[in-house]
Amino acid sequence: MSEPLLNVSGLQAWYGESHVLHGVDFEVRPGEVVTLLGRNGAGKTTTLKCIMGMIGKRQGSIRYEGEETIALSSDKIARRGVALCPEERGVFASLTVLENLLLPPKIADGGLSLDEIYDLFPNLKERSTSMGGKLSGGEQQMLAIARILRTGARLLMLDEPTEGLAPIIIKQIGHAIQKLKPRGFTLLLVEQNFRWASQLADRFYVMEHGRVIDAFAAAELPDNMDKLHAYLGV
Amino acid sequence: MIPLLGISTQALFGQLLLGLINGAFYAMLSLGLAVIFGMLNIVNFAHGALYMVGAFAAWFLLTYFHIGYWPALILAPLGVALFGMVIERTMLKRLAGLDHIYGLLLTFGLALIIQGVFQNQFGASGQPYPLPEQLKGGTNLGFMYLPTYRAWAVVFSLCVCLFTWFMIEKTRLGSVLRAATENPELTRAFGINVPRLITLTYGFGVGLAALAGVLAAPIYQVRPLMGADFIIVVFAVVVIGGMGSILGAIGAGFMLGIVEGLTKVFYPQAANIVVFVIMVAVLLVKPTGLFGKKL
């Protein structure tokens, strides 16, 4: 088994006085697609933000490529090859689509070129001169994903990429993600849409009350569906 | 001379030019304030004081080092920008995320200290700063006499404003700046060193103020309180243009300078308050300012 690309252990985090992560442990190996599952408020988004260095008060260990990053600022973590597509998408309204795409600086080789990104999401090419604030929800999500493909970051974290989108768009985003895997990207997803995630992910972690409480490989899913339904309350 | 509505054209154009010059300074100062407010969320009350320091820096350079106007136009803003960046790093940085009032109080206190030190040293009266050799004299346009330096001040300030606008709206650096203004946390998570960008932005904003100060030195006297008198009107200009709006700051600056000038011709008694009357009217009708989008 290869060395993990990302190793999270004993991760704790606080929003002001409220303690939201109580010791999260999991790992992501190079080239894998891993999905964090769990109900609302389980701590999935907070976990991604901690890895990105965006939560002020965090403790424990987050090792990326063997290096401890728990105390690094978010710009330094980004420079090491971690990228986040946030839940709220974070498309900059005062920037054009192209400016949004070109905003994150290139940190390494191996990212997609602008042409490859336009092949993946043709809508973005048509709208390249539109302001970010004028995009539809689906276009915003495509832009938010596309934006982190260019930089050469190896670990892409996507927070709820299908939330609130039409089925046709969800399908298109799924296709795009499938094309990323053979390019050597490693993906960490947070997703409520379990059916959609099950077609993409190699492994799943289930979170509850700020902890990881269970883990499955994709192949183990059929035998564990009852358990999973109980966890997720679906 | 042909009188117009009982006013001689000489007086009309003379005041219009004066208004335009004031407008040029309003525009440069409010532009710096707008850039700083957008990025740091701080209402920089030290702006007027730093404008004054810019003018004094030019005067120092000339008096003690015999360095003239043209080098001062570059050196003084650079020096003040450096001073501003030290202020940002050592003081303003600690106020990030706190209420506006803290930044306002700190910069207001700084303004009082800076002005106090200069007043203690140089008294309230002004030091004259000579016109640069190349810009002496003027041209008779037939309907009015146009002093060369004043024409230069207006044109130069307009160029600086348009250059700044271009940098912010049309370049890669500008897109990073706009992104960091909109969502600093996320911009930082893309690998951009936002704290450094904030320091540089503050340096740039106060550098603009100092540049306006050097430009003003040969027109107005170099006085410790030259900025304090000016900055109150400039804040009104920023509010009218819309907090944080680049084009708003430039447009409102020139426009209000001209309106002020025209008021001096047609109803001189109101000249000192016309900007504030407009501010009240704009706030009542469009609280975000003429060009403002958000607060």
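Matching residues to (1) of a type in the set (D, E, K, R); (2) facing another protein chain (nearest Cβ under 10 Å):
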position: A:VAL82; (1), (2): no, yes
position: A:GLU87; (1), (2): yes, no
position: A:PHE92; (1), (2): no, yes
position: A:THR96; (1), (2): no, yes
position: A:GLU99; (1), (2): yes, yes
position: A:LEU102; (1), (2): no, yes
position: A:GLY111; (1), (2): no, no
position: A:LEU114; (1), (2): no, no
Counting only residues in the range A:17-44 that are among the β-branched types (Val, Ile, Thr) and in contact with a Leu (Cβ under 9 Å, 6 or more places away or on another chain), the one farthest from A:LEU84 (Cα to Cα) is identified as A:VAL24
In the set B:VAL194, B:VAL155, B:VAL214, the lone residue that is surrounded by 18 or more Cβ atoms within 10 Å (Cβ to Cβ), among the β-branched types (Val, Ile, Thr) and either more than 14 Å from every other protein chain (Cβ to nearest Cβ) or over 30 Å from B:GLY97 (Cβ atoms) (or both) is B:VAL214
A careful count of residues in the range B:133-153 that are in contact with a Phe, Trp or Tyr (Cβ under 9 Å, 6 or more places away or on another chain) and at pLDDT 90 or above gives 1
In the set A:LEU98, A:LEU103, the lone residue that is without any contact (Cβ under 8 Å) to a residue 60 or more places away in the chain and either surrounded by fewer than 21 Cβ atoms within 10 Å (Cβ to Cβ) or over 19 Å from B:GLU185 (Cα atoms) (or both) is A:LEU98
Check your understanding: Of the residues that make up the range A:57-75, is at least one within 14 Å of chain B (Cβ to nearest Cβ), touching a Ser or Thr at 6+ places or on another chain (Cβ under 8 Å), surrounded by fewer than 21 Cβ atoms within 10 Å (Cβ to Cβ) and not hydroxyl-bearing (Ser, Thr, Tyr)?
Key -> no
Taking first residues from the range B:156-179 that are without any contact (Cβ under 8 Å) to a residue 12 or more places away in the chain and part of a helix (DSSP H, G or I) and second residues anywhere that are surrounded by 15 or more Cβ atoms within 10 Å (Cβ to Cβ) and charged (D, E, K, R), the pairs with Cβ under 6 Å that are 6 or more apart or on different chains are B:SER175/A:GLU99
Considering the range B:71-110, residues that are of a type in the set (Ser, Thr, Tyr) and either without any contact (Cβ under 8 Å) to a residue 60 or more places away in the chain or not in a helix (DSSP H, G or I) (or both), and then whichever is farthest from B:TYR202 (Cα to Cα), we arrive at B:TYR102
Of the candidates A:LYS227, A:LYS171, A:LYS179, the one satisfying the condition of being closer than 22 Å to A:ASN123 by Cβ, basic (Lys, Arg) and touching a residue at least 12 places away in the same chain (Cβ under 8 Å) is A:LYS179
Being in a strand (DSSP E or B), at positive phi and of a type outside the set (Val, Ile, Thr) narrows A:GLY41, A:GLY53, A:GLY60, A:GLY31 down to just A:GLY60
Taking the range A:183-234 and keeping only residues that are within 20 Å of the chain's Cα centre (by Cα) and among the polar types (S, T, N, Q), one is left with A:THR186, A:GLN192, A:ASN193, A:SER198, A:GLN199
Taking the range A:134-171 and keeping only residues that are more than 19 Å from B:PHE190 (Cα to Cα) and surrounded by fewer than 20 Cβ atoms within 10 Å (Cβ to Cβ), one is left with A:LYS134, A:SER136, A:GLY137, A:GLY138, A:GLU163, A:GLY164, A:ALA166, A:PRO167, A:ILE168, A:ILE169, A:ILE170, A:LYS171
Selection from the range A:91-113 of residues touching a Ser or Thr at 6+ places or on another chain (Cβ under 9 Å) and among the hydrophobic types (A, V, I, L, M, F, W, C) yields A:PHE92, A:LEU95, A:VAL97, A:LEU98, A:LEU101, A:LEU102, A:LEU103, A:ILE107, A:ALA108
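The values are calculated or read from the model by the stated rules, or taken from the named source; none is laboratory data. Model, not experiment: these values are computed from the prediction. Heads up, the Cβs are rebuilt from the backbone with ideal geometry, glycines too, and the neighbour counts pull from every protein chain shown.
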